[in-house]
Amino acid sequence: MPTLTLLLIILASLLALWSVVAAFLSWRWAAATSYLALWPLYYLPEFSIPESKLVFWGISTLMALGINYMLPFNVAASRTGMAYIAGGALCGTMTGLALSSMAAVICGAAVGCFCGAMAYSRTPRGRGMDFPSRRFFNYVVAKGLPLVVVLSTVAIVAMALYQYFIFQ
């Protein structure tokens, strides 16, 4: 394996891992970091990430960043229930990866966000989310959409690396 290939694989892996950690911490730039993880793999000839996928996830990343910046600061900086929401989204993403379908990854992450938020709303600290209320659904969408974008782009990186190392 050439040195440049190895360095770009390591860079993509580190960016993907950091974006997952940043998503759990509700960092505003987590979506941008996960999108940046796609680019080192795009420039390697061994990986076949099409331009259409980069364009789609670039637009999705811009939407997630826009949502994060349009939210009031107290909502955007809030980490209330993020461990539950991000944990559920991660489980849903892994379930989608097991099905080997990008649609399953996206739907799994979205359903996982909702299930994680619902589980948090059943805890004593989460009773203030008032499930089922408008406030609950607004919070889930505000925190869930960036998570879906982050975890879906990380899933693309994971699938590309898996295919590379299995068929290499």
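The values are calculated or read from the model by the stated rules, or taken from the named source; none is laboratory data. Bear in mind that the values here come from a model prediction, so they are computed numbers and not experimental data. Ideal geometry is used to build each Cβ from the backbone, glycine not excepted, and the neighbour counts take in all protein chains shown. The area values use the complete protein model at the heavy-atom level, side chains included, leaving out ligands, DNA and RNA. Shrake-Rupley method; radii C 1.70, N 1.55, O 1.52, S 1.80 Å.
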_Every residue from segment 90-107 that is open to solvent by less than 50 Å² (accessible area, probe 1.4 Å), over 14 Å from the mean Cα position of the chain (by Cα) and at pLDDT 90 or above_ = none
_Tell me which helices (runs of 4 or more DSSP H) are completely within segment 10-70 and hold 1 or more residues being within 12 Å of the chain's Cα centre (by Cα) and more than 19 Å from M82 (Cα to Cα), or say none if there are none._
30-36, 51-70
*Which one is least open to solvent (accessible area, probe 1.4 Å), of the residues in segment 113-133 that are out of contact with any helix residue (DSSP H, G or I) (no Cβ under 8 Å at 6 or more places or on another chain) and of a type in the set (K, R)?*
R122
*asked:* Restricting to segment 134-168, name every residue that is open to solvent by 30 Å² or more (accessible area, probe 1.4 Å) and aliphatic (A, V, I, L, M).
replied: V141, L145, A158, M159, I166
*Residue pairs meeting the criteria (Cβ under 7 Å; at least 6 apart or on separate chains; first over 13 Å from M159 (Cα atoms), in segment 87-105; second open to solvent by less than 60 Å² (accessible area, probe 1.4 Å) and among the β-branched types (V, I, T))*: A89/V148
*Looking for whichever is over 16 Å from S19 (Cβ atoms), part of a helix (DSSP H, G or I), touching a helix residue (DSSP H, G or I) at 6+ places or on another chain (Cβ under 8 Å) and aliphatic (A, V, I, L, M) here; the options are A104, A89, A109. Which one fits?*
A104
*asked:* Here is a list: V111, V150, V141, V75. Which entry is of a type in the set (A, V, I, L, M) and under 28 Å from P40 (Cβ atoms)?
replied: V150
*Could you give every pair whose Cβ atoms fall below 9 Å, whose first residue belongs to segment 130-154 and is farther than 30 Å from L14 by Cα, and whose second residue is open to solvent by less than 10 Å² (accessible area, probe 1.4 Å) and not small (G, A, S), counting only separations of at least 6 or pairs across chains?*
D130/F136
*asked:* Only one of A64, A76 is at pLDDT below 95, crowded, with 20+ Cβ neighbours inside 10 Å, among the aliphatic types (A, V, I, L, M) and within 24 Å of Y139 (Cα to Cα). Can you tell me which?
replied: A64
*Would you check which residues across segment 16-40 are within 20 Å of L145 (Cβ to Cβ) and aliphatic (A, V, I, L, M) and list them?*
A16, V20, V21, A22, A23, L25, A30, A31, A32, L36, A37, L38
